[in-house]
Amino acid sequence: MIRTQLPLIITFFTGMLLIVTFFIPHKPFGDLEQRFLIWYSIISGFTVLLGLDSLVKYHLTKLKKEFNIHSFILLFSLFLTLILGFYSWFKFKTPFALNSPFMYLYTYVIIPLQATMFALLAFFIASAAYRAFRARTFEATLLLIAATIVMLGRVPIGSYIWKGIASFISTIFPKIPYEELAKKEIFALISDWIMNIPQNAAKRGIFIGTALGGIAMSIRIILGIERTYITK
Amino acid sequence: MILNIIGTWLAATLTLAIFSFLYKDNPFYKLAEHIYVGVSAGFWVIYVWAFDIKPMLIDRFLTTTGIEKWILLIPAILGVLMLTRWFPKTAWISRIPLSFTIGIGAGLGVTASIQGFLIPQIGATLLPLTTINNILLVIGVISTIIYFYFSKEFKGTWKFFSRLGIIFIMIAFGASFGYTVMARISLLIGRIYFLLHNFLNIIP
Amino acid sequence: MKNLWSKLATIDRRIIYLLVFIVVALPMIFRMIMPIRVSREVQMAFSEIDNLKPGSIVMISIDYDAASEPELQPMLIAILRHCFSKNIKVILLGHWALGLPLGEMALNQVAKEYNKKYGEDYVNLGYRPGYTALMVGIGKEIRDFFPTDYRGIPIDSFPFMRKVRNYQQIDVLVGLEAGATGDAWVQFAGARFNQKIILGTTGVIAPDMFPYLQAKQIAGLISGLQGAAEYETLLKKAGSAILGMPAQSFVHLLIIIFIIIGNIGYFILRKRR
């Protein structure tokens, strides 16, 4: 009873309170809501520690079985970070002083590792574009054309290419003046149009769908119909 | 100064270790990857302590008086109860703080989605059909929604609109792809700038 | 000839990687600069800040980390320069804990350029977990969530912060976004508290923000490195974004050439089959 019913009651009560407060922000609802929001923020912090436990446990068990350099390095860097963090706190009154050892670790370890990890994606996306981006069907061709125009329209080189095309056109059709044509920046204009009209319409359609789904899900959770979070 | 030079060398070594993955998976990459996970996990602990537990719980507990002081014990206990998940036998207790956060999330989500998304977005689609762009925008939104409506068989007009929907969706995905390429390349530019500027000093 | 195409259709990925690397590095080494065309949405964002009176308050949210630093950090620096040059006060906070020091670094750099003092011209509030709750809670009282700043100093010890209670005292909110927090700012702070919002986003999520722009839920959108370069152009102060755009341009061209080669190869090989 307490294991399943109590959580459902709490969810119902908190969820409903927030909805009611939205419409009646006065006392006592408003104050209670604010209090709950502060609690929410406090409790959310603790969830971070949950992930840490499984990470440490996993690598400690691995290390206990046999020495493994990777697990060792991971745990070592974790504890080194903690030591430097608390040391910086003690020495500089805050771990976030830019000249503290903790921030040194941030600048010279976290930034390069995280940024480079994501920079790898540039290579993968270039290779994937070359390998998989084929005009196999009508839909795929549309996707390809839209992507190409946006890629040209969003960078300065698009205007250089357009100027080249404009000069070509005005050589063939001397009646069309080059200057007028070159000023048009066609790639940028089409790219802006794609972003603001068809792209915008499709995204709005998709997000209206997901918003409706999200609302339905939230209501199911509040009413206790959706309860996977307590059965897991 | 010397510490900065050592730091730059360290950062460059780690950058190259990650880039070495492009050739093939190798021990240097693996090592860098594990350092990353370890250091960022450590960071999170300090963050939770510095930005949550200390200012929101401990400092407040020390500075407030009366009933307010003791009410603070409720979120503190709920937070600690979250950690019962660490032990299989007591894991069910964590459902209590979890249900609290889920209730708040769901309650906030309902009103925000309606007030902050559905109403303004639908409102912005109710346009006078006087220009081609307005017509395209309205048709685009409707046909995209129709494309994702699976409760009715795609036949006749319905099929026409769902087909139109896919055209809009493909253009949108293409545009998103173009933007994603742009974003990924920018990240690489950032890293190469670091190597050329901070590490090798080739460019000012 | 056909052999050539089939070869071109199956270039080793490492050659592609090498070409991408070279095409990024060369324009930087030769310090190429290209003129930047300013889009309407960046112009809107710029004007919004530009029209603020001295002493106005801008709140900037660091909702990214080192993974998107090259795109969003130049935006942050440009916006800080813009604010400080116009004597606008800045409140910094963030929802991506691992990115917060980036905000502090930028503040430190730009404040020195404009001789601005911590606590008088700007503050850094730091981070709190649970961003949706925080966004709604700030609408009532900022001190409920941030009694102290990034360094643990009470915010009431800073003169300009004493009058800041909630969104009503924030003239513009600038969200620098790499994820879902941008939507949350719009849906919580924007819709519920009528907060004027400008978003600066990574290229990946920028397309998803256009519906907000057209619905006037945001007052401007700066997207990706190009967006940052546009802002730098309007500010007439070149930064790392303008410097990066030629490299960006050439890699786009390279990728388009790859796509064309890949497709020609594909069609020739398909015909042969």
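The values are calculated or read from the model by the stated rules, or taken from the named source; none is laboratory data. Just so it is clear, the model here is predicted, and its values are computed rather than measured. Here Cβ is always computed from backbone atoms with ideal geometry, including for glycine, and neighbour counts include all displayed protein chains.
At-a-glance table
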item: Whichever residue in region A:158-197 is more than 30 Å from B:Ile142 (Cβ to Cβ) and of a type in the set (Gly, Ala, Ser) and, among such residues, is modelled with the lowest pLDDT; result: A:Ala182
item: Those residues of region B:177-195 which are more than 7 Å from chain C (Cβ to nearest Cβ) and in contact with a Ser or Thr (Cβ under 8 Å, 6 or more places away or on another chain), in sequence order; result: B:Gly178, B:Arg191, B:Phe194, B:Leu195
item: Residue tally, condition touching a Gly at 6+ places or on another chain (Cβ under 6 Å) and among the small types (Gly, Ala, Ser), over region C:37-77; result: 2
item: Qualifying helices (runs of 4 or more DSSP H) (wholly inside region C:177-273; at least 2 residues being at pLDDT below 95); result: C:240-272
item: Residue ID - surrounded by the fewest Cβ atoms within 10 Å (Cβ to Cβ), chosen from residues in region A:70-86 that are more than 7 Å from chain B (Cβ to nearest Cβ) and farther than 13 Å from B:Gly42 by Cα; result: A:Phe72
item: Check on C:Gly139, surrounded by 20 or more Cβ atoms within 10 Å (Cβ to Cβ), touching a Lys or Arg at 6+ places or on another chain (Cβ under 8 Å) and within 11 Å of another protein chain (Cβ to nearest Cβ); result: yes
item: Close pairs (7 angstrom Cβ cut-off, 6 or more residues apart or separate chains): more than 14 Å from every other protein chain (Cβ to nearest Cβ) in region B:145-173, aromatic (Phe, Trp, Tyr) and surrounded by fewer than 19 Cβ atoms within 10 Å (Cβ to Cβ) anywhere; result: B:Lys152/B:Trp158
item: In region B:9-68, the residues that are within 8 Å of chain A (Cβ to nearest Cβ) and of a type in the set (Lys, Arg); result: B:Lys30
item: Tabulated pairs, region B:24-45, first more than 24 Å from A:Pro101 (Cα to Cα), second polar (S, T, N, Q), C-beta under 6 angstrom, 6+ apart or interchain; result: B:Asn26/B:Ser20; B:Phe28/B:Ser20; B:Tyr29/B:Ser20
item: Residue within region C:161-176 that is closer than 28 Å to A:Gly205 by Cβ, in the same structural domain as C:Met44 (by TED's automatic domain parsing) and among the acidic types (Asp, Glu) present; result: no
item: Flag for B:Ala11 being more than 19 Å from C:Ala97 (Cβ to Cβ), buried (at least 21 other Cβ atoms within 10 Å of the Cβ) and without any contact (Cβ under 8 Å) to a residue 40 or more places away in the chain; result: no
item: Filtered residues of region A:130-154 (kept if within 7 Å of chain B (Cβ to nearest Cβ) and either modelled with pLDDT under 90 or not in a helix (DSSP H, G or I) (or both)); result: A:Arg154
item: Within region B:56-117, helices (runs of 4 or more DSSP H) holding 3 or more residues that are farther than 19 Å from A:Leu8 by Cβ and not polar (S, T, N, Q); result: B:59-63, B:67-71, B:73-82
item: Number of the exception - A:Leu52 against (1) assigned to a helix (DSSP H, G or I); (2) surrounded by fewer than 21 Cβ atoms within 10 Å (Cβ to Cβ); (3) more than 29 Å from the chain's Cα centre (by Cα); result: (3)
item: Hits in region C:1-38 (condition: of a type in the set (Val, Ile, Thr) and more than 31 Å from the chain's Cα centre (by Cα)); result: C:Thr10, C:Ile11, C:Ile15
item: Flag if A:Gly30 is closer than 30 Å to C:Met135 by Cα, of a type outside the set (Phe, Trp, Tyr) and more than 7 Å from chain B (Cβ to nearest Cβ); result: yes
item: Residue satisfying all of: in region A:92-113; within 7 Å of chain B (Cβ to nearest Cβ) and of a type outside the set (A, V, I, L, M, F, W, C); surrounded by the most Cβ atoms within 10 Å (Cβ to Cβ) among these; result: A:Pro112
item: Identity of the residue in region C:8-18, loosely packed, with under 15 Cβ neighbours inside 10 Å and out of contact with any Gly (no Cβ under 8 Å at 6 or more places or on another chain), that ends up modelled with the lowest pLDDT; result: C:Asp12
item: Which listed residue is in a helix (DSSP H, G or I), assigned by TED's automatic domain parsing to the domain that holds C:Asp121 and within 22 Å of B:Thr180 (Cβ to Cβ), from C:Glu48, C:Glu71; result: C:Glu71
item: Some residue of region C:105-123 being in contact with a Gly (Cβ under 8 Å, 6 or more places away or on another chain) and buried (at least 24 other Cβ atoms within 10 Å of the Cβ); result: no
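To keep it simple, each residue is scored yes or no on (1) out of contact with any Leu (no Cβ under 8 Å at 6 or more places or on another chain); (2) farther than 30 Å from C:Ile259 by Cα; (3) part of a loop (DSSP other than H, G, I, E, B).
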site: C:Leu4; (1), (2), (3): yes, no, no
site: C:Pro27; (1), (2), (3): yes, no, no
site: C:Phe84; (1), (2), (3): yes, yes, no
site: C:Val90; (1), (2), (3): no, yes, no
site: C:Glu104; (1), (2), (3): no, yes, no
